Each structure stands twice: as C-alpha cells, then as structure tokens.
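Working notes for the structure below.
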Amino acid sequence: MAREQRRLAAIVAADVVGYSRLMGGDESGTLAALKALRRELVDPKIAEHSGRLVKTTGDGLLVEFASAVDAVSCAIELQTAMAERSVNVPEDRRMVLRIGVNEGDIIIDGDDIFGDGVNVAARLQEIAPPAGRALRIEPCVR
C-alpha cells in the first residue's frame, strides 16, 4: 500500500452568504455576478498570493496556500475589495463572502486535498461573520 502524501498548508474555505436566496430572486443575474466576481477579483487575488484553487462547490471555494501570511492577506484583500465593489449594489443583491482560514496538515489525493486541516477551515467558514473571516493558525508542534 502506498504511503499517503501529506504536507502543512494554509487552507481557505469561502462561501457566498445567502446564495440560495440570491439564486431564488434572480438565477441568471446571480450566476453572471458570481462568474464576474471570480474572473475579475477572486481568481486574480488567489494568483497574486500564490494560492492554488483546489475546487469550487457552486458558490464555495477551497484554496490552498503554502504560507499562512499569504492566505490571510488574500482573505483580507478579498473582503475589502468586495465591500468596495458592493457600495452601489442594493443590500439584498450583494455578494458577500464568509471565509475560514486554517493552517494544518493535509492529505493530497491527486488535485484534491483532505484531512482535519481542510475540515477545520470549512467549519470556521461556517461560523465566520458575513463579510468576515475566522482564523485558526497554530504552530504545528507534536
């Protein structure tokens, strides 16, 4: 049996707040806005901070960074830029992200990642405030 590939990484889990409500109000417009947001802001910020987009889950993202500093900087810059983009958008139509950031050990399986490090980032994303981020970055001492 082959040995698992593991590494320490900073993981960002992000999700659009109220995406189902937005889709219920305007499917085509919401999808177009999400695609524009990814193309114009999210993907360039991830690249700027040397991140790797692992996967998308409809309105969610899982991103891996080699550096916790890059992961947190990317999250902060995304939230700041999204707030600036939304100033003239009616509040009920705004795209707002909730972001969780965790540094931890991950298991690599092809292009995907798994493990407690990923799970914690996802749980932090769920409890982060809208337009905010929840962080758990601890030194790995065992």
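Before moving on, here are some points about what is shown:
- Members of segment 7-49 that are aliphatic (A, V, I, L, M), open to solvent by less than 70 Å² (accessible area, probe 1.4 Å) and closer than 19 Å to Ile106 by Cβ: Ala9, Ala10, Ile11, Val12, Ala13, Ala14, Ile46
- Odd one out for Val87, checked against (1) touching a residue at least 24 places away in the same chain (Cβ under 8 Å); (2) open to solvent by 80 Å² or more (accessible area, probe 1.4 Å): (1)
- Residue within segment 59-74 that is of a type in the set (S, T, N, Q), open to solvent by 20 Å² or more (accessible area, probe 1.4 Å) and modelled with pLDDT of 95 or more present: yes
- Scanning segment 83-129 for residues that are farther than 21 Å from Arg52 by Cα and either in contact with a Leu (Cβ under 6 Å, 6 or more places away or on another chain) or among the hydrophobic types (A, V, I, L, M, F, W, C) (or both) turns up Ala83, Val87, Val89, Met95, Val96, Ile127, Ala128.
The values are calculated or read from the model by the stated rules, or taken from the named source; none is laboratory data. Everything quoted here is computed from the prediction, not taken from an experiment. In this analysis, Cβ positions are derived from the backbone assuming ideal geometry, glycine residues included, and neighbour counts consider all displayed protein chains. In case anyone asks, the SASA skips ligands and DNA or RNA and just uses the protein heavy atoms, side chains included. Shrake-Rupley method; radii C 1.70, N 1.55, O 1.52, S 1.80 Å.
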